[in-house]
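Student: A single structure is presented below for examination.
The values are calculated or read from the model by the stated rules, or taken from the named source; none is laboratory data. Just so we're clear, the structure is a prediction, and the values are computed from it rather than from any experiment. Backbone-built Cβ (ideal geometry, glycine too); neighbour counts: all protein chains shown. Quick note on the areas: whole protein, heavy atoms, side chains included, nothing else; ligands and nucleic acids left out. Shrake-Rupley method; radii C 1.70, N 1.55, O 1.52, S 1.80 Å.
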Amino acid sequence: MTMTAMAKPEAPSGCFPRAENRCHVVSNAPMNSEYRLLVVDAPETGLSAYAGQFFHLLCPATATEQPFLRRPMSIYRIDRENGQLGFLYKVTGKGTRALASLAPGDELNATGPLGVGFSLPEGTKHVAMVARGVGLATLAPLARMARAQGAMVTAILSARAPEFLMSRDELEAAGARVIEVNDVAGNSAPQEVINRLRDIHAETPIDFMATCGSNRLLGLTRDLCSEWRIPGQVAVEAFMGCGLGMCFACVVPVRDAQGHEEMKRVCYDGPVFGVEEVTAW
Amino acid sequence: MTMTAMAKPEAPSGCFPRAENRCHVVSNAPMNSEYRLLVVDAPETGLSAYAGQFFHLLCPATATEQPFLRRPMSIYRIDRENGQLGFLYKVTGKGTRALASLAPGDELNATGPLGVGFSLPEGTKHVAMVARGVGLATLAPLARMARAQGAMVTAILSARAPEFLMSRDELEAAGARVIEVNDVAGNSAPQEVINRLRDIHAETPIDFMATCGSNRLLGLTRDLCSEWRIPGQVAVEAFMGCGLGMCFACVVPVRDAQGHEEMKRVCYDGPVFGVEEVTAW
Amino acid sequence: MVDLFVTIGGVHMANPIMPASGSIAEGMADLVDLGKLGAIVLKTITPDIRQGVKPPRVVEYTDATLFSIGIPSKGPDYLLNHTVPFFARFGPPVIASISADTAEDFGTLAGYITDPRIAAIEANISCPNLRAHGRAFGMDPVAAAEVIRAMKANTDLPIWAKLTPNVGDIAEIARAVEDAGADAVVTANAILGMGINAETMTPRLGNVVGGLTGPAVKPVILRMVNQCAEAVKIPVIGCGGIATGEDVVEYMLAGASAVQIGTMNFVHTAAMEQSIAWVTDYCTRKNIARVAELTGALKLPVDQNSEQRGAVAL
Amino acid sequence: MVDLFVTIGGVHMANPIMPASGSIAEGMADLVDLGKLGAIVLKTITPDIRQGVKPPRVVEYTDATLFSIGIPSKGPDYLLNHTVPFFARFGPPVIASISADTAEDFGTLAGYITDPRIAAIEANISCPNLRAHGRAFGMDPVAAAEVIRAMKANTDLPIWAKLTPNVGDIAEIARAVEDAGADAVVTANAILGMGINAETMTPRLGNVVGGLTGPAVKPVILRMVNQCAEAVKIPVIGCGGIATGEDVVEYMLAGASAVQIGTMNFVHTAAMEQSIAWVTDYCTRKNIARVAELTGALKLPVDQNSEQRGAVAL
Ligand SMILES: Cc1cc2nc3c(=O)[nH]c(=O)nc-3n(C[C@H](O)[C@H](O)[C@H](O)COP(=O)(O)OP(=O)(O)OC[C@H]3O[C@@H](n4cnc5c(N)ncnc54)[C@H](O)[C@@H]3O)c2cc1C
Ligand SMILES: Cc1cc2nc3c(=O)[nH]c(=O)nc-3n(C[C@H](O)[C@H](O)[C@H](O)COP(=O)(O)OP(=O)(O)OC[C@H]3O[C@@H](n4cnc5c(N)ncnc54)[C@H](O)[C@@H]3O)c2cc1C
Ligand SMILES: Cc1cc2nc3c(=O)[nH]c(=O)nc-3n(C[C@H](O)[C@H](O)[C@H](O)COP(=O)(O)O)c2cc1C
Ligand SMILES: Cc1cc2nc3c(=O)[nH]c(=O)nc-3n(C[C@H](O)[C@H](O)[C@H](O)COP(=O)(O)O)c2cc1C
Ligand code: FES
Ligand code: FES
């Protein structure tokens, strides 16, 4: 049994824990030259999402883009009070370009919440998270989840340059301590990050780590977790067909405690896995 | 040799009489609940169109419509002075719904001018035209052409009800005498129209007739032309692939003087044929 | 009230709409009431346990997808102990789907999974035949018939033969499996295709080739359904590019007695339910009492025999 | 400067891009400088004069079309007296295309139109073979080879065999025509399809079936080009769904030595010229000196033999 499997919600019979949520766009503003924040009013089922889960978004057809499949996006903000969900996305190809065309009031069909998200062991005291690029989107709600469970959160945010860094406010609002590193300042190399984490650990022992978005960060997280004998989790990405565990397109090799490798579905068995389970992806 | 073939322009070598004209939309306003008038700024080649020719319009992709093939539209207004072309169209399916989404300033890719249009025998004195529905779009520029050649023009416009009648202003501006008939008033039945035309002919002899848009009108025009021994032409419609005489999708059976029937291309051999050539379509 | 019931190769269905093999799994039950479907067709299993092919496993086109998965399989015991019980509780008949490397293995596996909770077995004969240099069983009428005979010899369950569209004359294969005892044909599996990335000069799929599916294939498979329906007496199940109830009606008019929806389940989980509703409305407004009346109701030109429909003349 | 020259089955071309048979006619010269094309492929003619099939002749899909025209033909004299002179003046080699009801008639017609202004003859073997119940010559390796042999016996012009994609194993047909002496294969003609109007319950085409063409078919034909290129030594000309220069590159990587563009000429008359420009840019930025180097340059996984690419495993 993998650790992540514990978090899988049991489907109450006769009711549907996931749905094609028909949401209304509240805002869809650029955060910087690459990223946008899409905020939508969401129905009940959508709002049941938790950190690490994702939605499969039906990107609208536009004059230039007609994406056929949905696109997976991590849940970045779950605002149950205002009935809103937020997605932080990078405009890269036709699906995200189409998403960028959504205007307030437009409908967004968002299937979810999907997948197995983060599960924080009870009694966790200090969560350290390291993320780069759009990986931040996935970790922000984990900060809130951890604070709600009474844990302290330290987030190391890595970026190419200071201007590409995002989510500082979102994370600080969630109650996390935020440390920024970037390639321009030269303090984002793995060894630098490891040193930083060792210092932090020496100050206040870290008992859970989370990461996503880069193989390098996964490597260093796995090493530190194993050294400190603490659990760690990683949110993985893969090209998806269905997002619902049906097509087996999104598989990654996952190793169990006995070293057996098996192809697991990022959308259904993940996207969050134990750091020791995932080899490379 | 059919009469219509006379009008086929010779391609001057090294220059191209037709083009994918990249036009800019000036206006695209509804004329009534069904019809819209699309006015575009057009380059030189586009403006060389004459009555009865058409353009093959690349309808833009929208969120709901992605028409693949172009759509043929008769040239409704050729305004060389202002460098503009006008198309009068009925919103029926996905191509025309997509056209309806064009806003001023948008680009319209219009291949043309295409096909063989009307050719008025020299010395024509009185042109009578009968049209119904969107057929009016095709005949309006013929009125201008006839007036410019010094002929008088009488246009009988037929519609389901008075509110669906269009182009009166356009035709009157072209110098045509306009007579309206409609199904509600009960004066649009073929026999009624024939009687009207006989009266007109008795007053001022008609020496050329033109029609389009309905098999019934074609039938009565053919009969009167043969009775009065005058030439008549009809603009024909057919589903099109290429619009350029290449795919042979748009054929209609055409009969020559000897009674031989041959499939001819509406887009290249037509769309205007002699009334005696076209059987049914 | 429109009567939506159909009986397909020994299976009684409340309506003619079911998922295509490999297009639903347990996750679908989290969103869709599977009790409303005509039948529940399970993903193909093999006798052995397989992990499938190297990713990437999917390429996207304007209205099609190219998937290459490689039939990951947890084997027959997992099917009987987990998959069948999971789906059997929803009510509609459960159809298992199997594949194997040889005709004998098809037979053995069919016998092994014969179980009262399974209403029929679909033979996925689009997979490579190890004895024929990797060509699919379904590309050869003799090999296809052998598979069906081996299965019939080992089970009393109805056998549906799922044909591959990667053949010249699909009617010939349909006739061969009918003669071998198949109770229905499913027309068809995916069309073999390839995607290339010009920038990297590499295939887009880990497995190089995959199956083209989704709305773009409909005109091709519709033609094949019509050819099969004219060739055999057993029911034909249409499968290829169905997205809406209108597509379902088109397939039935072409000769299908029921249909399967595949790729569209990935995009719109409501596709099957909405199709059932659309077909019901269609029959109502057309005054068609029984949906089964649609089968083969296409009005063909009287002056054209079916031989004139066997080749392209452009 | 990128060297765009290619030699295909005896024909020297300034670049590898040409129209597919039936996709251009005289009207194209009103918009496009035909002198820039690699070659000019003419519409198929038959020995007799034909009017073609009953309209409607075209159905539109999201990124495909289904056409059924029925090869209207004005016969060989019109070809020699009007069509060839019209197109010969533009400069690029002119390729005639022929079809007939029997292999002998193919041979006779090829001999009849042999003319110095024609650089090669394409054999459209997708058309129905009267001796085989309307199945296409190209669906049977024996019949396909007979056509090529009959043509070779009657003319010294290079013969390009235009294959039909409506077969199970296109490599087998490619090998058969190569053995019979074909100088190149064109892969491929259109995929047989059918369109139905659910509301009227009638076929959408006057001829019921037609040929599916346009971007949607690219993944299927790309796979077939790859299969043919691996099977034969003569050049393979790719044809199916090409819209852009990127598509041209994909086809060449898969094994094509040249390509033909069909349906897209109907939508964008500039498609061929723009493709030539795109391919030139691509080679420039990739430092590819000769476009011919692209042929077969696809980097395939080393651990996969071509047999593993013969069937769908989903
Ligand atoms: C579980 C999960 C959560 C994600 N969360 C976020 C997020 O919060 N913010 C964000 O910006 N991005 C996120 N991504 C990545 C995002 O899905 C891709 O950037 C997006 O699909 C790209 O689509 P496109 O059409 O714009 O790009 P294209 O390059 O045109 O996409 C072409 C194809 O590749 C797939 N694809 C391309 N890049 C990726 C990728 N990195 N991962 C998976 N599939 C990809 C697309 O889905 C599509 O099928 C997530 C991915 C996964 C799997
Ligand atoms: C030479 C010519 C001139 C025309 N001029 C005009 C005009 O000035 N104003 C106007 O409103 N309409 C005109 N039409 C008809 C117009 O082309 C069609 O109404 C239009 O193509 C419908 O496209 P759609 O996508 O909106 O409809 P859909 O019904 O969605 O079209 C589906 C397919 O059917 C074809 N089609 C549908 N109706 C017709 C038709 N009546 N004729 C030809 N093809 C059709 C379309 O091109 C398309 O391929 C003309 C047609 C021709 C052949
Ligand atoms: C991801 C995926 C997995 C599939 N798996 C199977 C399978 O296991 N067995 C099978 O017979 N067909 C399988 N198919 C084929 C489908 O059942 C169906 O025949 C095909 O997708 C065509 O239908 P569609 O166009 O509606 O998708 C699969 C298709 C897809 C896209
Ligand atoms: C309208 C039309 C007419 C065609 N006529 C011929 C023909 O006469 N001879 C032939 O070999 N192929 C003919 N074809 C097939 C094309 O040459 C080409 O093989 C096919 O359209 C696939 O290419 P595409 O997807 O680029 O269109 C025709 C295709 C179309 C659409
Ligand atoms: S995307 Fe279909 S199984 Fe994960
Ligand atoms: S539309 Fe292609 S020939 Fe007329």
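Student: Take the residues in the stretch B:65-95 that are open to solvent by 10 Å² or more (accessible area, probe 1.4 Å), farther than 24 Å from D:Leu212 by Cα and touching a Ser or Thr at 6+ places or on another chain (Cβ under 7 Å), then tell me which one is nearest to ligand 6 (Cβ to nearest atom).
Tutor: Result: B:Ser74.
Student: Hey, among the residues in the stretch A:255-264 that are assigned to a strand (DSSP E or B) and away from ligand 5 (no atom under 13 Å from the Cβ), which one's most open to solvent (accessible area, probe 1.4 Å)? Please lay out each step first, then the result.
Tutor: Here is the first cut: in the stretch A:255-264, the residues assigned to a strand (DSSP E or B) are A:255, A:261-264.
This time we only want the ones that are away from ligand 5 (no atom under 13 Å from the Cβ), so: A:255, A:261-262.
On the way: A:Arg255: 88, A:Glu261: 108, A:Glu262: 75 Å².
Checked the stretch A:255-264; the qualifying residue most open to solvent (accessible area, probe 1.4 Å) is A:Glu261.
Student: In this structure, does B:Ala98 turn out to be open to solvent by less than 10 Å² (accessible area, probe 1.4 Å), within 18 Å of B:Tyr50 (Cβ to Cβ) and assigned to a helix (DSSP H, G or I)? Step through it out loud before you land on a result.
Tutor: On the way: open to solvent by less than 10 Å² (accessible area, probe 1.4 Å): yes; within 18 Å of B:Tyr50 (Cβ to Cβ): no; assigned to a helix (DSSP H, G or I): yes.
So B:Ala98 does not fit the description; no.
Student: Something else about it: Could you count how many residues in the stretch A:56-78 are away from chain B (no Cβ under 14 Å) and either among the β-branched types (Val, Ile, Thr) or in contact with a Gly (Cβ under 7 Å, 6 or more places away or on another chain) (or both)? Before the answer, list the steps.
Tutor: First, the residues of the stretch A:56-78 that are away from chain B (no Cβ under 14 Å): A:56-57, A:69-78.
Remaining after also requiring either among the β-branched types (Val, Ile, Thr) or in contact with a Gly (Cβ under 7 Å, 6 or more places away or on another chain) (or both): A:56, A:69-72, A:75-78.
Residues flagged as away from chain B (no Cβ under 14 Å) and either among the β-branched types (Val, Ile, Thr) or in contact with a Gly (Cβ under 7 Å, 6 or more places away or on another chain) (or both) within the stretch A:56-78 amount to 9.
Student: Here's something else I'd like to know. Against the condition more than 16 Å from ligand 5 (Cβ to nearest atom), over 16 Å from the mean Cα position of the chain (by Cα) and in contact (Cβ under 8 Å) with a residue 24 or more places away in the chain, how does D:Asp247 come out, does it pass? Before you say what the answer is, go through the steps one by one.
Tutor: On the way: more than 16 Å from ligand 5 (Cβ to nearest atom): yes; over 16 Å from the mean Cα position of the chain (by Cα): no; in contact (Cβ under 8 Å) with a residue 24 or more places away in the chain: yes.
For D:Asp247, the condition - more than 16 Å from ligand 5 (Cβ to nearest atom), over 16 Å from the mean Cα position of the chain (by Cα) and in contact (Cβ under 8 Å) with a residue 24 or more places away in the chain - is not met.
Student: Within the stretch A:51-64, track down each residue that is open to solvent by 50 Å² or more (accessible area, probe 1.4 Å) and touching a residue at least 24 places away in the same chain (Cβ under 8 Å).
Tutor: Filtering the stretch A:51-64 for residues open to solvent by 50 Å² or more (accessible area, probe 1.4 Å) gives A:63-64.
Selection gives A:Thr64 alone.
Student: Has the stretch C:26-45 got any residue that is more than 15 Å from ligand 3 (Cβ to nearest atom), among the β-branched types (Val, Ile, Thr) and more than 14 Å from chain A (Cβ to nearest Cβ)?
Tutor: No; the residues of the stretch C:26-45 include none that is more than 15 Å from ligand 3 (Cβ to nearest atom), among the β-branched types (Val, Ile, Thr) and more than 14 Å from chain A (Cβ to nearest Cβ).
Student: Among the residues of the stretch A:242-251, is there at least one that is outside any helix (DSSP H, G or I), open to solvent by 30 Å² or more (accessible area, probe 1.4 Å) and not assigned by TED's automatic domain parsing to the domain that holds A:Met73?
Tutor: Pass one, the stretch A:242-251, residues outside any helix (DSSP H, G or I): A:242-251.
If we keep only those that are open to solvent by 30 Å² or more (accessible area, probe 1.4 Å) as well, we get A:248.
With not assigned by TED's automatic domain parsing to the domain that holds A:Met73 added as a condition, the list becomes A:248.
Yes, the stretch A:242-251 has at least one match.
Student: Could you check, for the stretch A:190-200, whether at least one of its residues is at pLDDT 90 or above and crowded, with 22+ Cβ neighbours inside 10 Å?
Tutor: Yes, some residue in the stretch A:190-200 is at pLDDT 90 or above and crowded, with 22+ Cβ neighbours inside 10 Å.
Student: Something else: Which condition does D:Leu66 not pass, out of (1) open to solvent by less than 10 Å² (accessible area, probe 1.4 Å); (2) away from chain B (no Cβ under 13 Å), if it passes all the others?
Tutor: (2)
Student: Out of (1) within 14 Å of another protein chain (Cβ to nearest Cβ); (2) open to solvent by less than 10 Å² (accessible area, probe 1.4 Å), the odd one out for D:Ala110 is which?
Tutor: Answer for D:Ala110: the failing condition is (1).
Student: Turning to a different aspect of this structure: Would you point out the residue of the stretch C:303-312, among those that are without any contact (Cβ under 8 Å) to a residue 40 or more places away in the chain and open to solvent by 50 Å² or more (accessible area, probe 1.4 Å), that is nearest to the other protein chains (Cβ to nearest Cβ)?
Tutor: Here the residue is C:Glu307.
Student: Which of the residues belonging to the stretch A:208-235 are part of a loop (DSSP other than H, G, I, E, B) and crowded, with 21+ Cβ neighbours inside 10 Å? Give the derivation first.
Tutor: So in the stretch A:208-235, the residues part of a loop (DSSP other than H, G, I, E, B) come out as A:213-214, A:229-231.
A:Gly213 - this is the single residue of the stretch A:208-235 that is part of a loop (DSSP other than H, G, I, E, B) and crowded, with 21+ Cβ neighbours inside 10 Å.
Student: Just the residues that are surrounded by fewer than 19 Cβ atoms within 10 Å (Cβ to Cβ) and not aliphatic (A, V, I, L, M), please, taken from the stretch C:288-302.
Tutor: C:Arg290, C:Glu293, C:Gly296, C:Lys299, C:Pro301 - these are the residues of the stretch C:288-302 that are surrounded by fewer than 19 Cβ atoms within 10 Å (Cβ to Cβ) and not aliphatic (A, V, I, L, M).
Student: Just to verify a result, which residue in the stretch C:115-136, among those that are within 14 Å of another protein chain (Cβ to nearest Cβ) and at pLDDT 95 or above, is most open to solvent (accessible area, probe 1.4 Å)?
Tutor: Here is the first cut: in the stretch C:115-136, the residues within 14 Å of another protein chain (Cβ to nearest Cβ) are C:122, C:124-136.
Add one more test, that the residue is at pLDDT 95 or above, and what stays is C:122, C:124-125.
Working: C:Glu122: 1, C:Asn124: 16, C:Ile125: 0 Å².
Ranking the candidates gives C:Asn124 first.
Student: Within the stretch A:18-50, restricting attention to residues that are more than 13 Å from every other protein chain (Cβ to nearest Cβ) and under 21 Å from A:Phe118 (Cα atoms), which residue is most open to solvent (accessible area, probe 1.4 Å)?
Tutor: It comes out as A:Glu44.
Student: Which count do you get for residues in the stretch D:257-287 that are over 16 Å from the mean Cα position of the chain (by Cα), crowded, with 24+ Cβ neighbours inside 10 Å, more than 14 Å from chain B (Cβ to nearest Cβ) and among the polar types (S, T, N, Q)?
Tutor: 1
Student: Tell me which of these A:Cys250 doesn't satisfy, since it passes every other one: (1) in contact (Cβ under 8 Å) with a residue 60 or more places away in the chain; (2) in contact with a Lys or Arg (Cβ under 8 Å, 6 or more places away or on another chain).
Tutor: Checking A:Cys250 against (1) in contact (Cβ under 8 Å) with a residue 60 or more places away in the chain; (2) in contact with a Lys or Arg (Cβ under 8 Å, 6 or more places away or on another chain), the one that fails is (1).
Student: Have a look at C:Ala153, C:Ala161, C:Ala123, C:Ala96 and point out the one that is outside any strand (DSSP E or B), away from ligand 1 (no atom under 16 Å from the Cβ) and not hydroxyl-bearing (Ser, Thr, Tyr).
Tutor: Details: C:Ala161 fails: outside any strand (DSSP E or B); C:Ala123 fails: outside any strand (DSSP E or B); C:Ala96 fails: outside any strand (DSSP E or B).
None of the other options fit; the residue is C:Ala153.
Student: Which one is nearest to the chain's Cα centre (by Cα) among residues in the stretch B:152-173 that are over 16 Å from B:Cys212 (Cβ atoms) and small (Gly, Ala, Ser)?
Tutor: Selected residue: B:Ala173.
Student: What are the residues in the stretch B:255-265 that are more than 9 Å from chain D (Cβ to nearest Cβ) and at pLDDT below 95, if any?
Tutor: Correct list: B:Arg255, B:Asp256, B:Ala257, B:Gln258, B:Gly259, B:His260.
Student: Among the residues that make up the stretch D:175-186, is at least one of them in contact with a Cys (Cβ under 9 Å, 6 or more places away or on another chain) and at the interface with chain C (Cβ under 10 Å from one of its Cβ atoms)?
Tutor: no
Student: For residues that are within 19 Å of C:Val11 (Cβ to Cβ) and more than 13 Å from every other protein chain (Cβ to nearest Cβ), tally how many sit in the stretch C:92-106. Show your work before the answer.
Tutor: Of the residues in the stretch C:92-106, the ones within 19 Å of C:Val11 (Cβ to Cβ) are C:92-98.
Next, only the ones that are more than 13 Å from every other protein chain (Cβ to nearest Cβ) stay: C:92-96, C:98.
Total meeting the criteria: 6.
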